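*Asks:* Here's a structure for you.
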Amino acid sequence: MKVEIRGDAVCISGYVNAVERDSKVLQGQEGPFVERAESGVFQRALDRAANVFLKLNHGRDIGSVAEGNLKLREDAVGLYAEATVADAETVREARAGHLTGWSFGFSDRAPCYEQQEGTEVRKRTLRDIDLAEVSVLTIAPAYIATSIEARSEGAASELRSIEDAPEVHNTDPATDLAAYRIKRLKLEE
């Protein structure tokens, strides 16, 4: 994650999720699994989506593709995001050194699980998803990939995040970057 503080706004960019890489073991309702996003899954979701929201910690809206302050694309590495955020709380969190990474919320349109031979851990491949939102996080994920499931009227919505130490560029001389340096050291431990 790259964070650039510009007066009353913050520009944030980086990879939300990498494709063709297994996650760490996640816990689901039916037991442990590893997950892999298939190459092209994010681009297909973006092509189909009327809008994708930008949120702070999967909660408050701080923008969207439709509003023009969020750009998303999939490349050979994965889902890449660029956002310019003028939301006062997000800017305050950036100045305090609290932005730690990205996450995304989605619904799986075609669940695909395979049993891993010789283990109780299944492998899940994301082949077709609806991408609802990407989030900027102020907390470090407990794992490289974390899972939260929320159900609403029978539809499953899931959240994923990857740990990403921020790279900060400050064009605001009033901002103290010592907090980022301390947070980055803790993430790298």
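The values are calculated or read from the model by the stated rules, or taken from the named source; none is laboratory data. Quick caveat: nothing in here was measured; it's all calculated off a predicted structure. Neighbour counts run over all protein chains shown; Cβ positions are idealised from the backbone, glycine included.
*Asks:* With (1) at pLDDT below 90; (2) exposed (fewer than 14 other Cβ atoms within 10 Å of the Cβ); (3) farther than 29 Å from C112 by Cβ as the list, and K2 as the residue in question, which single condition is left unmet?
*Replies:* Against the list (1) at pLDDT below 90; (2) exposed (fewer than 14 other Cβ atoms within 10 Å of the Cβ); (3) farther than 29 Å from C112 by Cβ, K2 comes up short only on (1).
*Asks:* Would you tally the residues in the range 94-129 being within 21 Å of A49 (Cβ to Cβ) and either under 18 Å from the mean Cα position of the chain (by Cα) or of a type in the set (A, V, I, L, M) (or both)?
*Replies:* Residues flagged as within 21 Å of A49 (Cβ to Cβ) and either under 18 Å from the mean Cα position of the chain (by Cα) or of a type in the set (A, V, I, L, M) (or both) within the range 94-129 amount to 13.
*Asks:* Could you tell me whether any residue of the range 42-60 is surrounded by 14 or more Cβ atoms within 10 Å (Cβ to Cβ), at pLDDT below 95 and part of a strand (DSSP E or B)?
*Replies:* No.
*Asks:* Considering only the range 108-129, how many residues are surrounded by fewer than 16 Cβ atoms within 10 Å (Cβ to Cβ) and not in a loop (DSSP other than H, G, I, E, B)?
*Replies:* Final tally of qualifying residues: 3.
*Asks:* Okay, moving on. Given the criterion under 15 Å from the mean Cα position of the chain (by Cα), at pLDDT 85 or above, within 21 Å of S64 (Cα to Cα) and surrounded by 19 or more Cβ atoms within 10 Å (Cβ to Cβ), identify the matching residue among V85, V134, V91.
*Replies:* Just a single option satisfies the conditions, and that option is V134.
*Asks:* Could I ask something else about it? Scan the range 69-95 residue by residue and report those that are part of a loop (DSSP other than H, G, I, E, B) and touching a Ser or Thr at 6+ places or on another chain (Cβ under 9 Å).
*Replies:* Scanning the range 69-95 gives N69, A76.
*Asks:* Could you check how many residues of the range 1-24 are of a type in the set (V, I, T), out of contact with any Pro (no Cβ under 7 Å at 6 or more places or on another chain) and closer than 18 Å to V91 by Cβ?
*Replies:* So the answer is 3.
*Asks:* Right, something else. Could you list, in sequence order, all residues of the range 63-73 that are over 13 Å from S13 (Cα atoms) and surrounded by fewer than 21 Cβ atoms within 10 Å (Cβ to Cβ)?
*Replies:* S64, V65, A66, E67, G68
*Asks:* Quick one: count up the residues across the range 1-25 that are of a type in the set (A, V, I, L, M, F, W, C), touching a Ser or Thr at 6+ places or on another chain (Cβ under 7 Å) and farther than 19 Å from L137 by Cα.
*Replies:* Summing the residues that are of a type in the set (A, V, I, L, M, F, W, C), touching a Ser or Thr at 6+ places or on another chain (Cβ under 7 Å) and farther than 19 Å from L137 by Cα in the range 1-25 gives 1.
*Asks:* Within the range 8-41, which residues are assigned to a loop (DSSP other than H, G, I, E, B), modelled with pLDDT under 95 and acidic (D, E)?
*Replies:* Answer for the range 8-41, where residues must be assigned to a loop (DSSP other than H, G, I, E, B), modelled with pLDDT under 95 and acidic (D, E): D8, E20, D22, E30.
*Asks:* Report every pair of residues separated by at least 6 positions or lying on different chains whose Cβ atoms are under 6 Å apart, first residue within the range 1-22 and of a type in the set (D, E, K, R), second assigned to a strand (DSSP E or B).
*Replies:* Once the first residue is of a type in the set (D, E, K, R) and sits in the range 1-22, its partners that are assigned to a strand (DSSP E or B) give K2/S13; K2/G14; K2/E167; E4/C11; E4/H169; D22/V34; D22/R36.
*Asks:* Can we say L26 is under 17 Å from the mean Cα position of the chain (by Cα) and closer than 12 Å to E133 by Cβ?
*Replies:* Spelling it out, it is not the case that L26 is under 17 Å from the mean Cα position of the chain (by Cα) and closer than 12 Å to E133 by Cβ.
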